[in-house]
């Protein structure tokens, strides 16, 4: 049973994915992979992951973030992060992924960062 729930909504042409739960091996990373793959296949390549309710993030979760970042990038889009928890921010810093991902404090900033379609 997956221990993460993903709520999907759109703001203009940007898809916001609100993650709630654990983004860890086999519990959270597989549902995230499937969701982002479906979005990209449908042509929705401007994606913001809202991480404020992610209670745990492990190396598999980090790996899936990177993988899905590349999936969106290859299709001309982007995957950006919104409000990671303090622990998630530490992990992004330690792994130097904070230099790869654009991280935002507000949803409005994150959506505006894509510019207009």
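No value in this document is a laboratory result; all are computed from the given coordinates. Just so it is clear, the structure is predicted and the values come from calculations on it, not from any experiment. Positions of Cβ are generated from backbone atoms using ideal geometry, with glycine treated the same way; all protein chains shown enter the neighbour counts.
Can you tell me the FRET efficiency between residue 94 and residue 3 if r is taken as the Cβ-Cβ distance and R0 is 30 Å, rounded to the nearest 0.05?
Here the calculated transfer efficiency is 0.80.
I need the shape label for segment 4-107. Rule: rounded when a/c is under 1.5, else prolate if a/b > b/c, else oblate, with a, b, c from the alpha carbon gyration tensor. Intermediate results must be reported in sequence, preceding the final value.
Details: a/c = 1.39, a/b = 1.30, b/c = 1.07.
Rounded shape, in that the Cα axes give a/c under 1.5.
How high is the relative contact order of segment 1-57? Use alpha-carbon pairs under 8 Å, at least six apart in sequence, and give a whole percent.
43
Mind jotting down the distance between the C-alpha centroids of segment 66-102 and segment 1-61, whole Å?
About 12 Å separates the Cα centre of segment 1-61 from the one of segment 66-102.
Counting pairs of alpha carbon atoms under 8 Å apart in space and at least six apart in sequence, what relative contact order in percent does segment 4-107 give?
The normalised contact order for segment 4-107 reaches 25 percent.
Where both residues lie in the chain, what percent of DSSP beta bridges are antiparallel, nearest 5? Present the calculation step by step, with values, prior to reporting the outcome.
Values: 8 of 23 bridges.
Looking only at bridges with both residues in the chain, the antiparallel portion is about 35 percent.
Once you have a ≥ b ≥ c as the square roots of the Cα gyration tensor eigenvalues for segment 28-85, tell me rounded if a/c is under 1.5, and otherwise prolate or oblate according to whether a/b is larger than b/c. List each step's numbers first, then the result.
Working: a/c = 1.93, a/b = 1.58, b/c = 1.22.
Prolate, because a/c is 1.5 or more and a/b exceeds b/c.
Taking the Cα-to-Cβ direction at residue 58 and at residue 11 and moving 7 Å from each Cα, how far apart do the two end points lie in nm?
Calculated label separation equals 3.2 nm.
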